[in-house]
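Novice: Mind having a look at this structure? Questions to follow.
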Amino acid sequence: MFTPILCLHREIKTDSHRRLMDIDSEHTLGVLKKLISIDSINPAFDGGASDERVIAAFVAAELEDLGLEVFTHEPRPGRASVVGRLRGNGSAPSIMLYAHHDTVGVEGMTDPFTPREENGRIHGRGSYDMKGGLAACLGAVRALMASGTRPGGDLLVASVADEEEASLGMEEVLRHHHPDAAIVTEPTEMRICTAHKGFTWLEVEARGRAAHGSRPHLGVDANLQMAQLIAALAPLEKRLRETSPHPLLGVPSMHVGVLRGGSGPSIYAADCRALVERRTLPGERPDEVVVEMEEIVRQVATDRGIEASTRTVLSRGPFEATADSGIRRVVEEAGRDLLPHSNERTGVSFWTDAALLADAGVDTVLLGPIGAGAHAADEWVDAESVVTLAAVLARATRDYCRWG
Ligand SMILES: [Zn+2]
């Protein structure tokens, strides 16, 4: 799958028309290694005592060095995102190259912040998700700036905080910047991705009455109450499995991710909580799927005299590029001889900030490097794919913002 990219990447270095997109691979991969060496674990994860200020400062310095105007957005202390901007002359639409700079935790890893290059792979926490994408964005801008030309539309480079938890970073960036289009460089195995699911977390609580197991006349078993509520949700789970599948994403789903109730075998549980996750397809509205689950719970609770309540913990919408997405066409064209699957559209299984960009009316696609081990003990990114990604990003930016 990857061999053609290796060959084609060499070709662009000898093609005069493509010289603008000559990526400084050594510098780009050097930046990637420096990014990996900075601990930027999201504070929500174990071992996440760090915040995003150090990595944000590093990215800001890179962007300044490239000649971009730099904005730092810090909606909460330590949760810093950075946006670099190169103003165009207003004759073309604007683009944002997107990456997040926080990572998940490092449990089970040895030397997570020491980048290690082996057989064309660069290992380390965040290499794949998604400092590889971030380094590619910076490598693309370096090539564009070195071309000596300037854009018609604004170029924005966003390196955001907190994607791995609550997207504080992207939400704040979108309050200050509104590009016409965005390329989200989350890892997609060098495939152009135009869709992913959304998710909603609903907490269901059943309340009983604590009593010793020997005194059943005093107790109400919250766990048994919860069992009835969950049983009532089971037909919905089955129905979702039988929904006609989205061509890129399959069927929607629901599962009970967490179930907690009771304090001991001889005590009637006073309280039981379930955390239900519903994965949504494009076209499904988060508020509607919540209402659907709440109605089921409410009905059973009323019928059986169960004291129950529900609460939406977190809800993120699905993402789907518009059918007439201009940025998709531009990226397809930019990747025609660099991406083995440039004419195919794919979906990814994970959620990304692309959904927030699209919700804000930004024409968005995803394209990111090859690798493995996101959220796992051995994380790596394919070095050549990072460089090739930089070349595609540079070409797409040049074409979309009409540099020259
Ligand atoms: Zn990510």
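Novice: When the Cα atoms of the chain are enclosed in a convex hull and the volume is divided per residue, what value in Å³ results?
Specialist: So the per-residue hull volume is 147 Å³.
Novice: Per residue of the stretch 142-158, what does 6.51 cos²θ - 1.76 cosθ + 1.60 with θ = phi - 60° give for ³J(HN,Hα)? Whole Hz please, x for Gly and Pro, Karplus curve as stated.
Specialist: Ordered by residue, 3J(HN,Hα) equals 4, 5, 5, 5, 6, 6, x, 9, 10, x, x, x, 4, 9, 10, 10, 10 Hz.
Novice: What is the set of long-range amide H partners of His246 at a cut-off below 5 Å, with H atoms built 1.01 Å from backbone N?
Specialist: Residues meeting the amide H criterion: Val251.
Novice: Please work out the Cα center distance from the stretch 209-230 to the stretch 317-365, rounded to the nearest Å.
Specialist: Taking the Cα centre of the stretch 317-365 as reference, the centre of the stretch 209-230 is 50 Å away.
Novice: With the chain treated as a Gaussian network of Cα nodes joined by springs under 10 Å, which of Glu189, Glu320, Glu307 yields the largest mean-square fluctuation?
Specialist: Glu307
Novice: Continuing with the same structure: Using a Gaussian network model on the chain with a 10 Å cutoff between Cα atoms, which of Glu203, Glu284, Glu295 fluctuates the most?
Specialist: The residue with the greatest mean-square fluctuation here is Glu295.
Novice: Please sort 134-147, 368-381 by packing, taking for each peptide the average over its residues of neighbouring beta carbons within 10 angstrom, highest first.
Specialist: Ranked from most to least packed, the peptides come out as 134-147, 368-381.
Novice: Measuring from a point 7 Å past the Cα of Ser266 along Cα-to-C-beta, which residues in the stretch 211-225 have an amide N at less than 17 Å?
Specialist: 211-219
Novice: For Arg215 paired with Ser147, estimate the spin-label separation in nm (one decimal), with each label point 7 Å from Cα along the Cα-to-Cβ line.
Specialist: Each label point is offset 7 Å from its Cα along the Cβ direction, giving 7.9 nm.
Novice: Residues with amide H under 5 Å of Thr364's amide H, sequence separation 5 or more or different chain, H placed in the peptide plane at 1.01 Å from N; which?
Specialist: Residues meeting the criterion, in which the H sits 1.01 Å from N, are Ala182, Thr322.
Novice: Right, another one. How about Lys238: which aspartates and glutamates have a C-alpha closer than 19 Å to its C-alpha, ignoring those fewer than 8 places off in the same chain?
Specialist: Candidates past the 8-residue exclusion: Glu277, Glu284, Glu288, Glu292, Glu294, Glu295.
Novice: Explain nothing, just the number: dipole magnitude of the stretch 274-404 about its Cα centre with +1 on each Lys and Arg Cβ and -1 on each Asp and Glu Cβ, in debye rounded to the nearest 20.
Specialist: About 260 debye.
Novice: What's the local net charge at Ala383, with K and R +1, D and E -1, over the other residues with C-beta under 11 Å away?
Specialist: -3
Novice: Using protein chains only and a probe of 1.4 angstrom, how many square angstrom of Leu248 are accessible, to the nearest 10?
Specialist: 60
Novice: Take Phe71, Phe350 and sort them by solvent-accessible surface of the protein heavy atoms, 1.4 Å probe, largest at the top.
Specialist: Of Phe71, Phe350, the descending order of accessible area is Phe350, Phe71.
Novice: So how much slack lies between Arg329 and Asp287, counting 0.36 nm per residue of separation and subtracting their Cα-Cα distance, in nm?
Specialist: 11.9 nm
The values are calculated or read from the model by the stated rules, or taken from the named source; none is laboratory data. Nothing here was measured: the structure is a model prediction, and the numbers come from that model. Reconstructed Cβ throughout: ideal geometry from the backbone, glycine too, with neighbour counts over all protein chains shown. All accessible areas refer to the heavy atoms of the entire protein, side chains included, with ligands and DNA or RNA removed. Shrake-Rupley method; radii C 1.70, N 1.55, O 1.52, S 1.80 Å.
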